[in-house]
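The values are calculated or read from the model by the stated rules, or taken from the named source; none is laboratory data. Please read all numbers here as calculations on a predicted model, not as lab measurements. Quick reminder, even Gly has a Cβ in these numbers, built from the backbone with ideal geometry, and neighbours come from all protein chains shown. We work out accessible area using only protein heavy atoms, side chains counted, and drop any ligands, DNA or RNA first. Shrake-Rupley method; radii C 1.70, N 1.55, O 1.52, S 1.80 Å.
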Amino acid sequence: MKKFVMAALGGTVAGALLTTQVAGPLLAQEAAKDSSVYEQLDLFGDIFERIRAQYVEPVETEALVEAAINGMLTSLDPHSSYLSAKDFDDMQVQTRGEFGGLGIEVTQEEGFIKVISPMDGTPAAKAGIQAGDFITHVNGESVLGLVLDDAVAMMRGPIGSEIIITVVREGTPEPFDVSIIRDTIKLSAVRGRTVGNTVVLRITTFNDQTTPGMNDALKKGIEELGGIDKLDGVVIDLRNNPGGLLNEAISVSDAFLDKGEIVSTRGRDPASGERYNAQPGDLINGKPIVLLINGGSASASEIVAGALQDHRRAIVVGTKSFGKGSVQTLIPLRGDGAMRLTTARYYTPSGRSIQALGISPDIVVNQPAVEPPVEGADEKGPASAVGDRTEASLRGAISNDSMTDDEKRLYEEELARAEESAKLRDEDYQLAYAVDILKGLTAIAPEATP
């Protein structure tokens, strides 16, 4: 016992001596770092004053300070930035679902502005802007070298005014100009429809309207089908959805999960990480889900896709998503402005980060390019006429007397739904594919036991 105590004391003394020897150099290093920081700040002050005194034209002090702050933040990553009081107010309005502009979500890549996605029904979408397009010029002026906020400011303007943007698109050999008329952007966060026995939920953004809008659209669709027993499943369409509020992504995921983790965030400090878990209750009682994504699905969309995919709650169909796996925190500043700072990465329930990788679909389905109609071509030629011939069309065919009137009516309704799905393939091949998957899953599902 005496030997143990002495050994412990010896270790303590040695530790004290080691601390004394090391602490001095460490303190000196910290002092040197502080000195270096103050020197850099002095350098900034010198440059600031030299610009104010000697630049060829007078420069507003406030504009110089904002540019310096924004330059510091935008040098970190494409999603960190400074928001002036006006920009901060505009952003808060946008999360409520109504704002002015073109209707595109953008980021910066290789010095140019890259479109994450056009928003449904907006001037940009109507003008044919696509996810992945690069904007190189605005009204003939290059955006190369501009910080993202300055380039976005160039695209703002009075409602009803025209803007001409120059677009570079993969697969198109030459840049081309697109004329867009600015308008008030009124986002309908969720639109619902029924296709056959499937409810399709088109979610365009994650703002304050998303969860209540989804609940209403789902309820209306189920009622239209005659009850949840008639429901084959749900298609959640997140294509070209650039994301939005984290809490809305969690809420939408939770609506279809009974338990388990939805998403976790991990920042620089391990203690600051957070986990968000699902609460009991599935709005569609375990009915199958197909979730659609593409290269314009980003951020909050990827949180939903990753959560439902990892829990095997949905089949993810389409093409690889954008790959924005970082979390931005809005930090209010003096003067009513704010700082948007990347503070964490988010991880799907299986622990994977999709930053710069994206969500890979379970089934890759490309959207075929729309071929322009050939002028003068007959919609129904001889081949389709032959295809329409059936036993019932033959002269003198024997009638089917084994079906009751109700059975014939049900058969005709099923046929009409199948034909509706077939027409959908020409309108939206990826969506038609998703609906067909749900129909197939229902066809082979075991009969429910009473």
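Classification of the stretch 178-315 by its C-alpha gyration tensor yields an oblate form. The axis ratio a/c (a ≥ b ≥ c) is 1.5 or more, and b/c is at least a/b. In the stretch 120-202, Rg over Rh equals 1.08, where Rg is the alpha-carbon radius of gyration and Rh the Kirkwood radius from pairwise Cα distances. One chain, two ends: Asp282 and Leu357. Fully extended at 0.36 nm per residue, the span grows by 24.1 nm beyond their Cα-Cα distance.
In the stretch 256-330 the Cα-Cα distances spread across 10 Å bins starting at 0 as 17, 44, 31, 7 percent of all pairs. Fully extending the segment from Leu43 to Gln130, taken as 0.36 nm per residue of separation minus the present Cα-Cα distance, adds 26.9 nm.
Beyond 19 Å between alpha-carbons counts as too far, so tell me which of Lys114/Lys324; Lys230/Lys439; Lys230/Lys423; Lys86/Lys324 fall in that bin. Over 19 Å apart, Cα to Cα: Lys230/Lys423; Lys86/Lys324. Considering the stretch 216-278, its Cα convex hull presents a mean projected area of 6.0 nm².
Placing a label point 7 Å from the Cα of Met72 along the Cα-to-Cβ line, the residues of the stretch 328-360 whose backbone N sits under 19 Å from it are 329-344.
Of the whole protein surface, Asp89 contributes about 80 Å² of accessible area at a 1.4 Å probe radius.
Out of every Cα-Cα pair that the stretch 133-249 contains, those further apart than 17 angstrom amount to 68 percent. Taking a ≥ b ≥ c as the square roots of the Cα gyration tensor eigenvalues, with a/c under 1.5 meaning rounded and otherwise prolate when a/b beats b/c, else oblate, which class fits the stretch 99-164? Cα axes put the stretch 99-164 in the oblate bin.
With the simple spin-label model, which puts each label point 7 Å out from Cα in the Cβ direction, the Arg425 to Leu144 separation comes to 4.6 nm. The stretch 105-134 and the stretch 261-313 have their alpha-carbon centroids 25 Å apart. Sites listed here are GluC sites (Glu not before Pro) in the stretch 117-193 whose DSSP assignment is loop and whose Cβ has at most 13 other Cβ atoms within 10 Å: Glu170.
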